[in-house]
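Have a look at the structure below before the remarks.
The values are calculated or read from the model by the stated rules, or taken from the named source; none is laboratory data. Only a predicted model underlies this, so the values are computations on that prediction, with no experimental measurement involved. Reconstructed Cβ throughout: ideal geometry from the backbone, glycine too, with neighbour counts over all protein chains shown.
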């Protein structure tokens, strides 16, 4: 598959003719609200038969190699050619098989109940783990129940490993630091929490645990490590795995409530894998900007790989969009919706999609029906491909999505085009 950026006046039917593919096949893997009304700057994923390529006007060998995700040398060898050899329109080139490294893929899901099953069934073939979100820890070590049975059943039916998640916050109480402080520093409360976790895992069929404790007090750094070690020892003894979700740090001593208690080196040693929450730079209550900028992600990974084994690192990938009203007022919440809705909105209001090269993120401006201006940042095929390239470049063990329920068909098509997704034995 490769990515086409829509130019003025282009339609889906023109793209189908140009690339010699059925337009219906394009619609299946891309967000196309109206085949006659694409929006300028929109990225369209083009499926292709990678066995043979017919050279088009203006193409060069390096361009063709990039398009199919193979090296120039592999393309030359597959066609018994030498570097610098001329090619002409109409020439048929053999495309060598694309190397797809193996990775594990997790996805959180917070839309639970019966709705979860249909969401999981839609993308289940792309997942190694599914993490229903989440059991919230109480001050006494108890856990609030969630309606996760349908999600777990759908996971098992799709050969996905269900992973339980415990957290210290809700949408109303972000980062209940004091609650974590109380439980982690009291051996009896810690024991109660661990026993509750194991009871739920046994009853529900979970095979692993994800610890998502955020805004933990800086002075509880060692307490958090000790708590995670206790959990890991108990879970490992019963054949379960354990992971944690960590704030995106760029150096060990990074100040701030989100960062100080998250000890990358200790977490990399204790946990079977860690999920780096490399998103939310474009915060819902903050000013408009890229939500998951690739330049900031690189800074996090540059540090992370020095203290955590690469195969234990999962790159966090958000698949939602944000719409900020302009001019921005500090504390005014942006609207959150799917990448698909971002395209629909751009088409509706006639916005031209732009692409920020530094963050590798698409954005646009539009004026709504009440003449108010908006700024939208989202993910598209280009930004997804940039993140997949980073996963390969750094040799990471996996990707973790936040969160299922935001429709983004291009992502899943490109994920499968870039990687072989591991399905673990015993997941069904």
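Okay, here's what the table says:
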item	result
Residue check, residue 101 surrounded by fewer than 18 Cβ atoms within 10 Å (Cβ to Cβ), touching a residue at least 40 places away in the same chain (Cβ under 8 Å), closer than 30 Å to residue 128 by Cβ and touching a strand residue (DSSP E or B) at 6+ places or on another chain (Cβ under 9 Å)	yes
Elements of type strands (runs of 3 or more DSSP E) contained in the range 341-388, each with 2 or more residues being touching a residue at least 12 places away in the same chain (Cβ under 8 Å) and buried (at least 20 other Cβ atoms within 10 Å of the Cβ)	361-367, 373-377
Failed condition for residue 53, given (1) in contact with a strand residue (DSSP E or B) (Cβ under 9 Å, 6 or more places away or on another chain); (2) crowded, with 17+ Cβ neighbours inside 10 Å; (3) modelled with pLDDT of 90 or more; (4) more than 15 Å from residue 417 (Cβ to Cβ)	(3)
Residue in the range 307-324 that is buried (at least 19 other Cβ atoms within 10 Å of the Cβ) and over 20 Å from the mean Cα position of the chain (by Cα) present	yes
Residue under evaluation residue 401, criteria (1) in contact with a strand residue (DSSP E or B) (Cβ under 8 Å, 6 or more places away or on another chain); (2) loosely packed, with under 14 Cβ neighbours inside 10 Å, criterion not met	(2)
Which listed residue is part of a helix (DSSP H, G or I), touching a residue at least 12 places away in the same chain (Cβ under 8 Å) and surrounded by fewer than 19 Cβ atoms within 10 Å (Cβ to Cβ), from 121, 147, 139	121
Criterion violated by residue 315 - all others in (1) touching a helix residue (DSSP H, G or I) at 6+ places or on another chain (Cβ under 8 Å); (2) assigned to a strand (DSSP E or B); (3) more than 23 Å from residue 403 (Cβ to Cβ) satisfied	(3)
Output for the range 236-267, where each listed residue is in contact with a strand residue (DSSP E or B) (Cβ under 7 Å, 6 or more places away or on another chain) and surrounded by fewer than 20 Cβ atoms within 10 Å (Cβ to Cβ)	241
Selection status of residue 280, in a loop (DSSP other than H, G, I, E, B) and either assigned by TED's automatic domain parsing to the domain that holds residue 187 or within 20 Å of the chain's Cα centre (by Cα) (or both)	yes
Options 417, 368: the member that is at pLDDT below 95, under 28 Å from residue 36 (Cα atoms) and over 14 Å from the mean Cα position of the chain (by Cα)	417
Search result, residues across the range 165-189 that are modelled with pLDDT of 80 or more, over 23 Å from residue 273 (Cβ atoms) and part of a loop (DSSP other than H, G, I, E, B)	185, 186
Residues being surrounded by 14 or more Cβ atoms within 10 Å (Cβ to Cβ) and outside any helix (DSSP H, G or I) - total across the range 329-340	5
Given (1) in contact with a helix residue (DSSP H, G or I) (Cβ under 6 Å, 6 or more places away or on another chain); (2) more than 30 Å from residue 134 (Cβ to Cβ), index of the condition residue 386 fails	(2)
Matching option when the condition is within 30 Å of residue 375 (Cα to Cα), assigned by TED's automatic domain parsing to the domain that holds residue 381 and either without any contact (Cβ under 8 Å) to a residue 60 or more places away in the chain or out of contact with any helix residue (DSSP H, G or I) (no Cβ under 9 Å at 6 or more places or on another chain) (or both), among 285, 235	285
Qualifying residue in the range 85-93 (condition: farther than 29 Å from residue 382 by Cβ, surrounded by fewer than 21 Cβ atoms within 10 Å (Cβ to Cβ) and in the same structural domain as residue 411 (by TED's automatic domain parsing))	no
Some residue of the range 198-207 being buried (at least 16 other Cβ atoms within 10 Å of the Cβ), touching a helix residue (DSSP H, G or I) at 6+ places or on another chain (Cβ under 9 Å) and under 22 Å from residue 269 (Cα atoms)	yes
